[in-house]
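To start, the structure under review is shown below, and the notes come after it.
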Amino acid sequence: MSTDNNFKSAKATYEKWGVSVDEALEKLKNVSISIHCWQGDDIGGFEVDQQELSGGIDVTGNYPGKATNPTELRKDLEKALSLIPGDHRINLHAIYAETDGKIVDRNELEPKHFKNWVEWAKKQNLGLDFNPTLFSHPKADDGLTLTHPDKEIRQFWIDHCIKSREIGAYFGKELGTPALTNIWIPDGYKDIPSDRLTPRKRLKESLDVILQKEIDPNYNLDAVESKLFGIGSEAYVVGSHEFYMAYAIKNNILCLLDTGHYHPTEMVSNKISSMLLFQNQLALHVSRPVRWDSDHVVIFDDELREIGLEIVRNDALEKVLIGLDFFDASINRVAAWTIGTRNMLKSLLYALLLPHDHLKKLQEEGNFTDRLALMEEFKTYPFGEIWDFYCEEMNVPVKENWLDEVKKYEKEELSKRA
């Protein structure tokens, strides 16, 4: 299937506004999305003493074919990557360690437990990112980790995070691209607390110890991730946005914004420009909350387009580290990765094809009529033709043809799994 004729017509439509389509496509080629591994196995991980999900996290659905071991998970990721244009990254949680059948607790994890992931990433030309796993563990049964009143439990999780930074640095050194090591904790209370300050003091003290050792930013970048509420922490979460925003700025680490971790009326897209004024880099976990932090697969909706626009119009493609974070077990998991990642890339391409200088000029002049009219008209410009051409150029399926590949893979591979 050739897209040349449609592409040439669409290209001319954009270029009359001074938009360089060729330049837009070159910029998109350099974007790497951090694709979360945990969509492939419903956040189960591969610990020998695997625990049930906890920490306010839930995965719904029982679609057949989930990965049951590291080899299957990597194979599924390879399939998804073959359907997604560009070179990307894979985001791991600590529970995806490979310990040769031995029980290795999380405070004892080492780089060697992720050697297979690194060797695979080298072959696939991928970067790796990392997350300590502070949930689904006996020492997190009461929903408290880095803020736990019990000093020994708190130290266990501090040690786990320290080890995680070392693993992230190992990734960065081996792969030649810095790993983003992101800390998220479930800590909070179901009902109204009598003391909000003390847990936050403990969180600050814990983070100070975790981040005490300096690590070359060419190997590892540190981030902290906030949340508004979760199941079991409806009234109070220790690691609020305000806490982490202040902590990140003061300590020169990244603040990670998860699109599902705010009030339903808050838009992460609206936060990006503010954050970039005070930090050189910003990290995102892009998800889709439906009424709450439900982690639905990312679709090409208004908020996703606004996120793309805020990144592109503010010349922040190299400043914003984009990761995904959704998990849906009700649909084919390879399809979920493919849909979500392609949509994230679509939002960036959509933004790259707008005449931002002209639109900004209209706003500065107070010409709000032309601004609104043009912003609305561009919504139906032939963006899809440019996207199809890009996919063809990057040797991935055009339009919905990728779905045939997923169905074939399901028949030949996924359907045979227990």
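The values are calculated or read from the model by the stated rules, or taken from the named source; none is laboratory data. Just so you know, these numbers come straight off a predicted model, no measurement behind them. Positions of Cβ are backbone-derived with ideal geometry, glycine not excepted, and every protein chain shown enters the neighbour counts.
Residue by residue through the range 278-288, note down the ones that are surrounded by 18 or more Cβ atoms within 10 Å (Cβ to Cβ) and either free of Cβ contacts under 8 Å to residues at least 60 places away in the same chain or among the basic types (K, R) (or both).
Within the range 278-288, L282, L284, V286, S287, R288 qualify.
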Query - Filtered residues of the range 392-418 (kept if modelled with pLDDT of 95 or more, in contact with a Ser or Thr (Cβ under 8 Å, 6 or more places away or on another chain) and hydrophobic (A, V, I, L, M, F, W, C)) - result: V396, V398, W402, V406
Query raised in the report: Can you name the number of the only condition in (1) crowded, with 23+ Cβ neighbours inside 10 Å; (2) in contact (Cβ under 8 Å) with a residue 60 or more places away in the chain that Y350 fails?
Result: (2)
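If I filter the range 13-45 down to residues being among the charged types (D, E, K, R) and within 27 Å of Y409 (Cα to Cα), which single residue comes out as farthest from the chain's Cα centre (by Cα)? Break it down into steps so the answer makes sense when it comes.
Step one: list which residues in the range 13-45 are among the charged types (D, E, K, R), which gives 15-16, 22-23, 26-27, 29, 41-42.
Of the ones still in play, those that are also within 27 Å of Y409 (Cα to Cα) are 29, 41-42.
Working: K29: 18, D41: 16, D42: 15 Å.
Ranking the candidates gives K29 first.
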Report summary line: Checked pairs for the range 367-389, first outside any helix (DSSP H, G or I), second not polar (S, T, N, Q), C-beta under 7 Å and 6 or more apart or across chains, list as Y381/Y14; P382/A10
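In the range 226-258, how many are within 21 Å of V320 (Cα to Cα) and of a type in the set (V, I, T)? Steps first, please.
Applying the first criterion (within 21 Å of V320 (Cα to Cα)) to the range 226-258 yields 226-227, 240-258.
Among the residues that remain, those that are also of a type in the set (V, I, T) are: 249, 253.
Looking only at that region, the number is 2.
In the range 49-71, which residues are among the hydroxyl-bearing types (S, T, Y) and either within 21 Å of R417 (Cβ to Cβ) or free of Cβ contacts under 8 Å to residues at least 24 places away in the same chain (or both)?
To start, the set of residues in the range 49-71 that are among the hydroxyl-bearing types (S, T, Y) comprises 54, 60, 63, 68, 71.
Within the range 49-71, T60, Y63, T68, T71 qualify.
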**Report entry** Sole residue being of a type in the set (S, T, Y), at pLDDT below 95 and surrounded by 13 or more Cβ atoms within 10 Å (Cβ to Cβ), chosen from T60, T99, T3, T13
**Finding:** T3
Query raised in the report: If you take the residues in the range 256-271 that are crowded, with 23+ Cβ neighbours inside 10 Å and without any contact (Cβ under 8 Å) to a residue 60 or more places away in the chain, which one is farthest from K201 (Cα to Cα)?
Result: T259
Report summary line: Of the residues in the range 216-242, those that are more than 23 Å from D295 (Cα to Cα) and surrounded by fewer than 19 Cβ atoms within 10 Å (Cβ to Cβ) come to D216, P217, N218
Requested in this report: Among the residues of the range 222-247, count how many are under 18 Å from the mean Cα position of the chain (by Cα) and of a type in the set (G, A, S).
Outcome: 2
Report task. Give the residue that is nearest to D328 (Cα to Cα), with candidates limited to residues of the range 39-57 that are modelled with pLDDT of 85 or more and β-branched (V, I, T). Result -> I43
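Quick check on L362: is it free of Cβ contacts under 8 Å to residues at least 24 places away in the same chain and either surrounded by fewer than 22 Cβ atoms within 10 Å (Cβ to Cβ) or touching a Leu at 6+ places or on another chain (Cβ under 6 Å) (or both)? Let's see the steps before the verdict.
Details: free of Cβ contacts under 8 Å to residues at least 24 places away in the same chain: yes; either surrounded by fewer than 22 Cβ atoms within 10 Å (Cβ to Cβ) or touching a Leu at 6+ places or on another chain (Cβ under 6 Å) (or both): yes.
It is true that L362 is free of Cβ contacts under 8 Å to residues at least 24 places away in the same chain and either surrounded by fewer than 22 Cβ atoms within 10 Å (Cβ to Cβ) or touching a Leu at 6+ places or on another chain (Cβ under 6 Å) (or both).
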